[in-house]
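Notes follow the structure.
Each reported figure results from applying straightforward, stated rules to the coordinates on display, with no laboratory input. All figures in this text were calculated on a predicted structure; none of them were measured in a lab. When we count neighbours, we look across all protein chains shown, and the Cβ atoms used for this are built from the backbone with ideal geometry, even at glycine.
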DNA sequence: TGCAGATACCACGCGCGAAG
DNA sequence: CTTCGCGCGTGGTATCTGCA
């Protein structure tokens, strides 16, 4: 049903890993029909090939669909620079392709919606170039943003950093540009079976754990028998990483215990981690010592085989660190027409991971197609993990609000972290 | 000489293309 | 087919540079 304005070529940019996402789009096109148009499905790593030596686009597309468009939110990144040229985001609407942006996680704040700059320009009757530095333009429109640490990046200003209410107002303001126009240029549909419930579970360290947490990295490393990687005297960003590694490793037994208890109650359990040697490996290892089968979807290995072992119910637990492109939901319809195991899924974030986008994507692994999967966020109270958890949760809520998503699942968390902008009804 | 702003740096893990 | 190096995201401190 596409009217392509005379052209006949459609470009789809997909997220990584290309091996999975390109195949999925190709299957979908085969199922729905190609409408007689020419389609190109491309990964961000190949975008450069659509540009000539002068940096100008070599081809003209009538329609461009950018899937998981948040991958183009950082202006300085190469893939973003290629994407902006291919999409002709600096051209006036009549000279640019018709662009469809697809994402459930637009960004951590409006300054990251850079891939929508041309759309915002159009909505305000401005030339697209004026909105190219999106953060700057949004500040002109009164949004509480300020330049970030890294060049070209923006962040909430100091005032907004301290007020979730202000953040909520800001994302709502920008969202309404897109939903209150005629016709609206943004649509969003919540999962009809409701949002994934999420809760926070702070754990208190014992005296022994605190002592280990404050140990020098080199001592900790040899005591825990972690293979040496890189420097022992890390400062700055690296020091923060060391504390997260230590906290994550010290809590591994408690997480394993919690997971084992839920397996006994008949659940199939998802454990999301960020780090491999100090989190994924120890948690998986402890569970296996208790005779519980674990699918390891991280590092090397045959990830699809591991995934199938979980989905078939051979392994009751999966430990994974990839946030996208894997399906872990109950009763998934498999390629051979059979169904995945129907045991209820439950998820634990073994460690907080700063990114709200990654958190929302992770929760979507099993909470899909009518299947409910509730989540708990584990962290050690009073450690760097608590601050990381606070950031992750705040960003998760903003990310949901930015698409007008259902915030009903965040009541408990908001109370735990003193968030101030959720409706009062949520606190009853 | 002193201070503020810019730049460099650390660690980890993944996917990818190119080279061997 | 395997290996190597790059790009990317994520946090914060240390040091350099330029200006007054």
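Can you pull a Stokes-Einstein diffusion coefficient for chain A at 4 °C (1.567 mPa s), Rh from Kirkwood over Cα pairs, as a whole number of µm²/s? All intermediate terms of the calculation are to be shown ahead of the outcome.
Working: Rh = 23.5 Å.
For the chosen part, D equals 55 µm²/s.
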Share antiparallel - DSSP beta bridges, chain A, percent rounded to 5
10
Want the number for residue A:339 to residue A:201: 0.36 nm per residue separation, take away the alpha-carbon distance, what's left?
46.4 nm
In Å and whole numbers, how far do the C-alpha atoms of region A:68-187 stretch along each principal axis, longest first?
42, 34, 26
Relative contact order %, region A:143-248, counting alpha carbon pairs below 8 Å whose residues are six or more apart
13
Tell me, what is the percent relative contact order of chain A, built from C-alpha pairs under 8 Å that lie six or more residues apart?
15
Report, in degrees rounded to the nearest 10, the 0 to 90 angle that the Cα long axis of helix A:384-402 makes with the longest principal axis of chain A.
30
Taking a cut-off of 17 Å, what percent of all Cα-Cα pairs in region A:292-332 are separated by more than that?
18
Cα convex hull of region A:198-427, projected area averaged across orientations, nm²:
13.7
By per-residue mean of other Cβ atoms within 10 Å, what is the highest-first order of A:171-183, A:236-248?
A:236-248, A:171-183
Say a paramagnetic label sat at a point 7 Å from the Cα of residue A:100, along Cα to Cβ; which residues of region A:39-53 have their backbone N under 15 Å from it?
A:39-42
Mean separation of Cα pairs under 8 Å and 6+ residues apart, divided by the residue count of region A:262-403: what relative contact order is that in percent?
24
Given A:80-86, A:228-234, the highest-first ranking by average Cβ count within 10 Å works out to A:80-86, A:228-234
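Counting each DSSP H run of 4 or more residues in chain A as -39500 (n - 2.57), what helix-only mean residue ellipticity at 222 nm follows after dividing by all residues, to the nearest 500 deg cm²/dmol? If you can, show how the numbers build up before the last one.
On the way: 15 runs with 150 residues, N = 428.
Estimated from H runs of four or more residues: -10500 deg cm²/dmol.
Using 0.36 nm per residue of separation minus the Cα-Cα distance, give me the extension gain between residue A:225 and residue A:302 in nm, one decimal.
Residue separation times 0.36 nm, minus the Cα-Cα distance, leaves 25.1 nm.
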Scattering from the C-alpha atoms of region A:295-428 alone, worked out with Debye: what is log10 I(q)/I(0) at q = 0.09, 0.16 1/Å?
-0.31, -0.88
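Show me the ranking of peptides A:325-333, A:382-390, A:302-310 by mean Cβ neighbours inside 10 Å, starting with the highest.
Details: A:325-333: 17.9, A:382-390: 19.9, A:302-310: 16.2.
Highest to lowest by the protection proxy: A:382-390, A:325-333, A:302-310.
With both partners inside region A:198-427, how many of the DSSP beta bridges are antiparallel, as a percent to the nearest 5? List each step's numbers first, then the result.
Details: 1 of 24 bridges.
Once the DSSP bridges in region A:198-427 are tallied, antiparallel ones form about 5 percent.
What does the extension gain come out to for residue A:92 and residue A:146, with contour length at 0.36 nm per residue minus their alpha carbon separation?
On the way: separation 54, 0.36 × 54 = 19.44 nm, distance 2.77 nm.
So the extension gain works out to 16.7 nm.
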